[in-house]
1. So for region 309-436: antiparallel DSSP bridges make up what percent, rounded to the nearest 5?
2. If the convex hull of the alpha-carbon atoms of region 362-498 is projected onto planes in all directions, what is the mean projected area in square nanometres?
3. Between His473, Leu107, Tyr354, whose Cα lies farthest towards the positive end of the dipole of the chain when Lys and Arg beta carbons carry +1 and Asp and Glu beta carbons carry -1, centred on the Cα centre?
4. When only alpha-carbon atoms count, how far does region 309-360 stretch along each of its three principal axes, as whole angstroms with the largest first?
5. After finding the eigenvalues of the alpha carbon gyration tensor for region 428-498, what semi-axes result from the square roots of 5 times each, listed largest first in whole Å?
6. How large is ³J(HN,Hα) for each residue in region 52-57, as worked out from phi by the Karplus curve 6.51 cos²θ - 1.76 cosθ + 1.60 (θ = phi - 60°), to whole Hz, x for Gly and Pro?
7. Of the listed peptides 472-478, 225-231, 101-107, what is their order by residue-averaged count of other C-beta atoms within 10 Å, with the highest listed first?
8. Give me, ordered by chain and number, the residues 5 or more places off Lys242 or on other chains with an amide H under 5 Å from its own placed amide H.
Amino acid sequence: MKKSVLIIGSGIGGLSTAVRLLSKGYDVKVYEKENTIGGKTNQLVHNPFTFDLTASILMNREIYEEVFYDASLDYKNYIEFIEVDPIYRSFYPDETFYDFTRDLVSLIRNLESISTEAAIGYMKLLAEVYERYTIANDHFLQQSFENPFDFFNISSIINALKTKAFSTPHQLISEYIKDEKLQQFLCYQSLYVGISPYEGPSIYTLVPVVSQLYGLWHLKGGMYSYVKALEKAIYQLGGVIKTNYTVDEIIISGDKAIGIKSKDKDAVFADIVISNADFPYTMDTLLKNDVHKGKYTTSKLDDLKYTCSTFIIYLGLKKRYPQLSVHNLYLNVDFKENIDSAFTGHLPIHPSFYIYCPTRVDDSMIASDGECISIVVRVPNLFFKNITWNEDTVKFMRNKTISALKNIPDLGDIEENIVYENYLTPQDLKNSFNSYGGTAFGLSPTLTQTNYFRPHLKSDSVKNLYFVGSSVHPGPGVSIVLLSSKLVVQEILKDDTL
Ligand SMILES: Cc1cc2nc3c(=O)[nH]c(=O)nc-3n(C[C@H](O)[C@H](O)[C@H](O)COP(=O)(O)OP(=O)(O)OC[C@H]3O[C@@H](n4cnc5c(N)ncnc54)[C@H](O)[C@@H]3O)c2cc1C
């Protein structure tokens with residue numbers, strides 16, 4: 001008989017795990033508290049504009065494809081990749097900008113326009129970090145680390161040392177690159193996993209390096225088309241998705257997870273329970289007895305380190321702005337002070353930010369002439385109690401950001417061309433998706449919260465209970481969460497054959 005599986009949450013982690021398990025013959029049902037699926041990888045539609053709610057930068061396209069291969073499906077029937085080139089355009093307050101192209105010849109020319117030294121440093125950094133990436137990918141990202149011996153063996157320790165993770169991204173980058181603007185461009189990208197380039201491990205310099213070496217992609221219709229693709233696969237494979245179902249408790253009998261309970265709905269029972277809800281939230285709220293939380297009791301959760309959060313402005317514009325590429329960075333004055341503010345509990349006075357303009361390559365995201373753009377600023381998470389996300393806070397951040405945006409050449413008139421405007425705050429991340437502390441990326445992927453030291457995919461204290469998503473191994477970001485789904489399914493299959 002088919003084993004039954006309940007998945008709490010329809011984020012990328014929950015949906016991709018459902019596809020993989022359905023294809024292996026499990027009977028899978030997904031329970032989502034919101035009325036739409038996708039979790040943080042969601043969509044905001046306001047006719048004629050379609051915005052990706054959060055994720056937009058697509059690295060490692062093969063990991064996206066792999067979910068379909070693993071289920072014996074052809075990804076081409078579900079999603080369409082569009083190549084992004086330049087991968088980035090970085091703008092500065094002195095009105096200069098640089099393109100980071102896929103093509104090596106034009107990339108070198110652009111870097112030489114900074115200096116030959118900058119071009120040489122960039123190439124050397126690519127080579128150094130590429131070598132580390134190959135080690136991290138083979139030895140860490142693709143291992144589940146359920147067993148201490150998986151990590152504490154000589155080969156893993158040698159490999160950990162080879163990744164030389166003990167310096168920060170800024171330290172590593174500045175060893176090779178002296179030009180401040182280029183340093184800022186590279187440093188900014190470690191913020192994509194919610195850590196500071198001045199404090200986190202240097203392994204996260206792999207974000208800009210992997211983007212440069214393997215390219216970035218856009219999915220036709222936006223990142224949310226991946227959620228729709230997973231949904232289609234789930235239904236084709238016979239799975240069930242229930243929305244507007246808030247799970248209030250994971251039911252445990254003896255030492256086994258046997259189902260889920262909701263205040264206003266009937267309890268549901270199954271052989272296996274997987275929580276895709278944020279791991280610290282799952283521990284804090286869905287497991288009621290400390291014995292079942294293992295080492296992640298509420299006081300331990302308070303001691304852990306969490307990623308920063310984000311403030312996003314969505315703008316529907318009636319005019320086209322061809323000077324924006326798909327992915328843009330605006331790297332503002334007092335860069336370090338303003339980046340640090342997201343980790344020290346302050347709002348940035350001169351925000352640096354990422355601007356996403358998908359309509360540069362994808363007309364399907366707008367049903368008129370104009371652009372949809374999202375501007376993403378890193379801000380403190382809700383563990384900093386001194387900031388309340390009320391109307392005044394939103395207005396403050398909105399005005400600071402728009403005024404900086406107007407410094408980009410030819411964007412001076414942008415405010416006059418706004419026909420739709422909306423925002424996402426850390427409080428929204430908490431309220432809508434139960435992001436613990438309103439963080440953007442969950443538990444911080446610091447060295448002491450990585451690999452074996454990150455929450456595992458399988459409960460240490462409760463049988464038949466598993467976890468998938470940003471705050472468990474291997475870490476945050478859509479492609480990394482997809483790896484977490486691959487690893488959790490491997491663990492479930494392994495346990496099933498014991
Ligand atoms: C602003 C921002 C920008 C980002 N940009 C990028 C990017 O460019 N590229 C990239 O790769 N990644 C990016 N990310 C990260 C990426 O979006 C996340 O890592 C990924 O979406 C997380 O997926 P998940 O499955 O872990 O969890 P979530 O998306 O958090 O899904 C968890 C789901 O569980 C549901 N849930 C919670 N509690 C309950 C309950 N009690 N009952 C039922 N359901 C429940 C939630 O509603 C949610 O649907 C970004 C994230 C943010 C916030």
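1. Numbers: 22 of 22 bridges.
Rounded to the nearest five, the antiparallel share is 100 percent.
2. Details: hull surface 50.9 nm².
Its Cα hull, projected and averaged over all orientations, spans 12.7 nm².
3. His473
4. Between the extreme Cα coordinates on each principal axis of region 309-360 lie 36, 18, 14 Å.
5. Values: eigenvalues 103, 36, 28 Å².
Listed largest to smallest, the semi-axes of region 428-498 are 23, 13, 12 Å.
6. 6, 5, 9, 4, 8, 8
7. Values: 472-478: 25.4, 225-231: 23.1, 101-107: 14.0.
Order by mean packing, descending: 472-478, 225-231, 101-107.
8. Residues meeting the criterion, in which the H sits 1.01 Å from N, are Val30, Tyr31, Glu32.
The values are calculated or read from the model by the stated rules, or taken from the named source; none is laboratory data. On a predicted model such as this, the values are computed, not experimentally measured, just so you know. Cβ coordinates were reconstructed from backbone atoms using ideal geometry, including for glycine residues, and neighbour counts include every protein chain displayed. Heads up: the accessible areas ignore ligands, DNA and RNA and are worked out on the full protein's heavy atoms, side chains in. Shrake-Rupley method; radii C 1.70, N 1.55, O 1.52, S 1.80 Å.
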